[in-house]
Amino acid sequence: MNHIEPDCQVVAARRNGTTRGVRANRGTVALRRLGQLVLAGYMTFAAVVPVGAADVIKGAQIYAKHCASCHGPGGISVMPGAPHLARGERMMQPDLALLSSLKTGKNAMPAYIGILADRDILDVIAYSRTLRQ
């Protein structure tokens, strides 16, 4: 009689052209699956976001050109409805969430997809994080 402990499962292993049952601990299988998911997430992140540190100086230049007219030169908005970046309330989101928001736009804010590269938007985000008061 085959007895398999509750914390194990049967997996098939190919060896010399034959299949035989091998017991694998569920924890090991789950850990392997988690590793695959982490690797897939990293590869997706690396494909979307260019590798390298953000350039805060370049971000300040882009901010002055595209953002300051509504969000203010120091991050205190001058346009009703535009978030105050200096307070940091909007900046509490992860970079990728902010990147997505800036690319798609919202209300009076234009979409910057096709206008600014992802790297440029990330530079602006890095600069905007320095405006906290």
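For this structure, a couple of remarks:
- Comparison of GLY72, GLY114 shows that the only residue that is more than 13 Å from ARG129 (Cα to Cα) and surrounded by 15 or more Cβ atoms within 10 Å (Cβ to Cβ) is GLY72.
- Only helices (runs of 4 or more DSSP H) whose full extent lies in segment 1-105 are considered here, and the ones with at least 3 residues that are modelled with pLDDT of 95 or more, under 17 Å from ASP123 (Cβ atoms) and aliphatic (A, V, I, L, M) are 56-66.
Each row is one residue, and each column tells you yes or no for (1) in contact with a Phe, Trp or Tyr (Cβ under 6 Å, 6 or more places away or on another chain); (2) of a type outside the set (Gly, Ala, Ser); (3) without any contact (Cβ under 8 Å) to a residue 40 or more places away in the chain.
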{"position": "ASP55", "(1), (2), (3)": "no, yes, no"}
{"position": "LYS58", "(1), (2), (3)": "no, yes, no"}
{"position": "LYS65", "(1), (2), (3)": "no, yes, yes"}
{"position": "ALA68", "(1), (2), (3)": "no, no, yes"}
{"position": "GLY75", "(1), (2), (3)": "no, no, no"}
{"position": "LEU85", "(1), (2), (3)": "no, yes, no"}
{"position": "LEU96", "(1), (2), (3)": "no, yes, no"}
{"position": "GLY105", "(1), (2), (3)": "no, no, yes"}
{"position": "ALA108", "(1), (2), (3)": "no, no, yes"}
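- For SER128, the criteria (1) loosely packed, with under 13 Cβ neighbours inside 10 Å; (2) in contact with a Phe, Trp or Tyr (Cβ under 8 Å, 6 or more places away or on another chain) hold in every case but one, which is (1).
The values are calculated or read from the model by the stated rules, or taken from the named source; none is laboratory data. For clarity, every value in this text was computed on a predicted model and none was experimentally measured. Heads up, the Cβs are rebuilt from the backbone with ideal geometry, glycines too, and the neighbour counts pull from every protein chain shown.
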